[in-house]
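The values are calculated or read from the model by the stated rules, or taken from the named source; none is laboratory data. It should be emphasised that the depicted structure is a prediction, and the values quoted were computed from it without experimental measurement. Note: ideal-geometry Cβ built from the backbone for every residue, glycine included; neighbour counts use all protein chains shown.
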Amino acid sequence: MDSGTNSLALAPDVWKSVLAGFAAIDPGFVTLIQQAAATGIGNASIELAKWPDVEFLLAGAHGEDVRLRVAPQTYWQLDAIAPGQALFAMENGNMPQSILGLPLMNNYYTVFDRSQDAYGIIRFAAIKSL
């Protein structure tokens, strides 16, 4: 986790799995992702309602599974490049580890607690609708 990272820089195997998941839902999703990376893409081309949540399965503080979801509204950054231009905020990080930044954390209240462990513990709480 890195609160200073504005994307999800995924390990190559994770990136491949995410792309395969998108392709299984709609092969056109991968085309849009590639287009956004190469030349940018207009906000209107995205149709956020058609995109799925992406779920990450992480190990909790006591070894339990923790499932965290990333909504399309946070992995697609609208008006990010310029007004009307969208940015896909996931990428192949080309490292053996993933760096999970703001697109994941924006879906939760996130607390970094350094008092619990030498490396700290990160706690997530769902954001409740009013």
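Looking across segment 45-56, the residues that are over 21 Å from Asn92 (Cα atoms), in contact (Cβ under 8 Å) with a residue 24 or more places away in the chain and not basic (Lys, Arg) come down to Ser45, Leu48. Only residues that are surrounded by fewer than 13 Cβ atoms within 10 Å (Cβ to Cβ) and assigned to a strand (DSSP E or B) were counted in segment 45-65, giving 4. Taken together, Pro103, Pro83 contain a single residue that is modelled with pLDDT of 70 or more and assigned to a loop (DSSP other than H, G, I, E, B), which is Pro83. Taking residues in segment 20-41 that are in a loop (DSSP other than H, G, I, E, B), and partners anywhere that are modelled with pLDDT under 95, the pairs with Cβ atoms closer than 8 Å and at least 6 places apart or on different chains are Gly40/Ile81; Gly40/Ala82; Gly40/Gln85; Gly40/Ala86; Gly40/Leu87. Scanning segment 57-83 for residues being touching a residue at least 60 places away in the same chain (Cβ under 8 Å) and farther than 25 Å from Ala24 by Cβ gives a total of 1.
Among the residues of segment 38-74, what is the count of those that are out of contact with any helix residue (DSSP H, G or I) (no Cβ under 8 Å at 6 or more places or on another chain), among the acidic types (Asp, Glu) and within 24 Å of Gly84 (Cα to Cα)? Of the residues in segment 38-74, 1 are out of contact with any helix residue (DSSP H, G or I) (no Cβ under 8 Å at 6 or more places or on another chain), among the acidic types (Asp, Glu) and within 24 Å of Gly84 (Cα to Cα).
Screening segment 4-16 for residues that are surrounded by 13 or more Cβ atoms within 10 Å (Cβ to Cβ) and of a type outside the set (Val, Ile, Thr) and picking the one that is farthest from the chain's Cα centre (by Cα) gives Pro12.
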